[in-house]
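None of the figures in this text is laboratory data; all of them are computed from the coordinates on show. Keep in mind that this is a model prediction, so the values were computed, not measured. Cβ: placed from backbone, ideal geometry, glycine included. Neighbour counts: every protein chain shown.
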Amino acid sequence: MSHKISEGAVKVIEVIGISSKSFEDAVHQAVSKASESIRGISGVEVLKHMASVEDGKITQYRVDVKVAFPVD
């Protein structure tokens, strides 16, 4: 998580990002979607990587992330 906030408080929520491309894109999806309703995201921590497999191929990448943002 980022240490940009020097005083005050930070709220942390968990978000699951989903992508058909890659784990990295799943993280981008999580942050992008969370940014639509949360202002000032200051950090993200990836907790877990998961994937769906069909016929021996990965069909969906998922990441469980914690997103941090300042409390006003």
Legend entry - Filter result (under 8 Å from the mean Cα position of the chain (by Cα), closer than 18 Å to residue 10 by Cα and among the charged types (D, E, K, R)) within region 20-72: 45, 66
Inset, instruction - Select from region 36-53 the residues that are in contact with a strand residue (DSSP E or B) (Cβ under 9 Å, 6 or more places away or on another chain) and not aliphatic (A, V, I, L, M) and list them in ascending order. - result: 39, 40, 42, 43, 45, 48, 49, 52
Inset, instruction - Determine which member of the set 42, 20, 52, 32 is polar (S, T, N, Q), surrounded by fewer than 15 Cβ atoms within 10 Å (Cβ to Cβ) and under 11 Å from residue 69 (Cα atoms). - result: 42
Inset, instruction - Count, please, the residues in region 38-72 that happen to be farther than 17 Å from residue 24 by Cβ, assigned to a strand (DSSP E or B) and among the hydrophobic types (A, V, I, L, M, F, W, C). - result: 3
